[in-house]
1. Against the condition surrounded by fewer than 17 Cβ atoms within 10 Å (Cβ to Cβ), without any contact (Cβ under 8 Å) to a residue 60 or more places away in the chain, in a helix (DSSP H, G or I) and outside the structural domain of B:Lys93 (by TED's automatic domain parsing), how does B:Gln58 come out, does it pass?
2. Condition first: more than 13 Å from every other protein chain (Cβ to nearest Cβ) and either farther than 17 Å from A:Ala58 by Cα or not in a strand (DSSP E or B) (or both). Now tell me which residues in segment A:82-102 satisfy that.
3. Write out, first by first residue and then by second, each pair whose Cβ atoms fall under 9 Å of each other, whose residues are 6+ apart or on separate chains, and whose first residue, in segment B:180-199, is at positive phi while the second is aliphatic (A, V, I, L, M).
4. Does B:Arg176 qualify as being closer than 24 Å to B:Leu340 by Cα and in contact (Cβ under 8 Å) with a residue 40 or more places away in the chain?
5. Which pairs have Cβ atoms under 8 Å, sit 6 or more apart or on different chains, and link a residue in segment B:152-173 that is of a type in the set (S, T, N, Q) to one that is part of a loop (DSSP other than H, G, I, E, B)?
6. Just give me the residues in segment B:239-292 being in a loop (DSSP other than H, G, I, E, B) and either under 21 Å from the mean Cα position of the chain (by Cα) or closer than 22 Å to B:Val135 by Cβ (or both), in sequence order.
7. Run B:Glu22 past the list (1) surrounded by fewer than 17 Cβ atoms within 10 Å (Cβ to Cβ); (2) over 18 Å from A:Leu105 (Cα atoms); (3) touching a Pro at 6+ places or on another chain (Cβ under 6 Å) and report the number of the one that doesn't hold.
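The values are calculated or read from the model by the stated rules, or taken from the named source; none is laboratory data. Values in this document were obtained by computation on a predicted structure and should not be read as measured data. Positions of Cβ are generated from backbone atoms using ideal geometry, with glycine treated the same way; all protein chains shown enter the neighbour counts.
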Amino acid sequence: MTATTSTEAGKYLSNCPPPLVADTSVVINLIATGFASPIIEALRHSLIVADVVPSELAIGSGRGRTDLERFNELVNGAIIKVASLGDLGMQHFESLVIGPAAETLDDGEAATIACAIERSGVAYIDERKAWRICSERYKALNVGSTVDLLTHADVRAQLSDETVADAIYNALQRGRMSVLPTHFSVVVSLIGAERAALCESLPRSIRLSAKKPAV
Amino acid sequence: MTISIDQILPAETGERLRLARESAKITQAAAAQAIGVARTTIVAMEQGERRARTSELQQLARLYGTSVNALLRRESVHVDLAPRFRRMVGSDKAATEAAELMAHLAKAEVELENLLGIKRQRNYPPERTILPGDVKAQAEQDATELRQRLGLGIGPVTNIITLLEMELGVRVYVRRVDGRISGVFAYDDALGACMLLNANHPRERRNNSGGHETGHFISTRRQPEVLHLDETENSREERYANAFARAFLTPARAVLQKFQEVTAGADRMTRRHVIILAHFFAVSREAMVRRLEELGSVKPGTWDWFIANGGIRDEQARQVLGDLIVPDAEKADADRPTTLRLNLLAYEAHRRGLMSEGQLARLLALDRVELREILGSQAHDGNDLDGGGEILE
């Protein structure tokens with residue numbers, strides 16, 4: 001397993017694309033796409049996860065899920081890097097995990113945000129509460145979702161529309177990926193109305209409207 | 001509003017660390033070795049004499065199978081139910097697992113209730129300490145008292161789970177656990193009275209187990225209890241609980257009256273009679289016959305005679321009762337990853353932005369995709385079940 005620490009943060013120089021820091025929720029979706037390697041390799045950015053993510057993936061291992069094995073393959077292939085928090089990151093982490101439930105996040109989500117702040121990166125989390133907390137407390141931090149990652153300009157430039165559409169459909173079906181309301185139309189247009197109607201993780205109104213023939 | 005680790009009393013953090021370590025069955029020495037400190041450092045942290053650093057908390061949380069957030073968020077519930085059970089049942093793995101499952105479900109439920117501002121009504125009857133003297137007589141008296149309190153008269157208790165939950169405010173979970181375990185009971189100030197009944201057992205046996213655990217709730221509330229299948233009565237407490245269950249589920253007058261009605265002057269008690277009576281009182285056929293033996297309606301040894309002569313089979317019960325046998329809904333609920341009520345609470349906490357996916361997955365011990373399926377299935381925009389009227393204050 002490759003681990004980087006904040007001492008390496010200096011390698012992200014201003015002319016380097018900022019690292020993308022993915023939360024457990026996004027890693028599960030990426031693996032569910034069936035195209036994790038080509039998607040991540042298409043990115044000019046490094047894809048990093050906080051070192052707590054593997055233990056969160058392990059929660060599903062006892063129930064027959066293979067996310068941790070797939071993740072370890074990606075780490076061993078140097079496609080994903082695992083990062084520990086430095087002092088600055090640890091301070092942010094602490095402020096995100098201690099306090100009232102409504103104002104805190106679990107360790108993986110908090111570490112993802114802390115890591116992105118520490119490394120001047122972009123945090124990718126599929127969690128409304130995390131986005132709300134970031135918008136209130138870390139206004140300068142860029143936050144994205146799995147759909148943002150799958151439709152990233154680098155990915156669209158390298159992979160065919162068909163592959164991107166299949167990846168999104170697989171993430172919806174196998175990973176029950178959640179989709180932001182602002183992304184409904186792009187998701188439906190990419191995967192097509194017929195497949196959108198089959199995705200239980202899309203809201204019913206979207207599935208029904210996808211079924212209706214265009215007027 | 002955020003809080004720093006410095007704003008939490010070291011003693012409070014230490015106590016939570018101790019409970020988490022004991023729940024994870026890890027010794028202080030092993031914890032110390034795992035994070036590279038001396039055992040005395042772990043001792044000092046747990047006793048609140050040394051403040052734990054965030055990095056140490058992170059390492060310890062991971063080692064204990066939890067998270068810093070689960071340890072230190074304000075509303076999380078920290079109780080020592082599982083260690084208390086382990087001290088009681090020793091190396092009995094099945095009992096430990098059942099007790100841990102109950103503790104896990106109750107803790108999650110209480111945290112979500114607290115977060116959502118839901119207060120469960122506790123309408124507990126007074127505790128009745130077992131006094132020296134005839135245990136059975138005391139149990140009969142206390143069971144009658146509870147029946148009167150609940151306004152049951154001499155009618156059957158067809159669903160003790162609903163009764164315990166709705167009338168008394170006991171937390172009852174019906175989950176699949178090892179077949180040797182019939183029931184688990186514990187009381188904790190934070191959680192209240194909690195009971196777990198085995199979904200792998202037939203409904204009638206679960207009713208018996210529920211009656212037995214209710215006896216412990218009345219008599220020895222502060223002692224955690226595990227009821228094993230066919231447990232021998234090796235203590236006054238167990239004799240009390242069994243007698244309480246019999247008197248509560250099959251009150252003497254009701255049984256004698258119904259026996260007279262059902263046998264209708266016959267000179268032998270047949271399998272058909274037993275099946276009808278057991279169905280009426282919602283208890284097992286064995287419990288029914290043994291109660292009739294106890295009340296002197298049939299000769300002692302009648303149940304043993306049935307057993308020696310082929311027993312009373314489920315197929316025979318189906319022939320007698322036909323459509324009167326209803327599906328066991330609690331078994332179906334037990335096959336879900338969590339309870340229906342926890343699903344609803346989790347959905348609501350997520351919808352209101354009070355708990356994140358990561359927090360809920362850990363609290364409910366679910367993998368993310370399982371949790372997403374649960375949250376998705378409850379979503380207001382999820383399916384046809386979700387149209388409806390506004391709930392008024």
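1. no
2. A:Ala83
3. Within 9 Å, the pairs are B:Gly192/B:Ala106; B:Gly192/B:Val110; B:Gly192/B:Val170.
4. yes
5. Final answer for the pair search is B:Thr158/B:Ala282; B:Asn159/B:Ala282.
6. Selection gives B:Thr250, B:Pro251, B:Ala282, B:Val283, B:Ser284.
7. (1)
A quick yes/no check of all residues on (1) within 14 Å of chain A (Cβ to nearest Cβ); (2) at pLDDT 90 or above:
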{"site": "B:Asn69", "(1), (2)": "yes, yes"}
{"site": "B:Pro83", "(1), (2)": "no, no"}
{"site": "B:Met88", "(1), (2)": "no, no"}
{"site": "B:Ser91", "(1), (2)": "no, no"}
{"site": "B:Ala103", "(1), (2)": "no, yes"}
{"site": "B:Glu113", "(1), (2)": "yes, yes"}
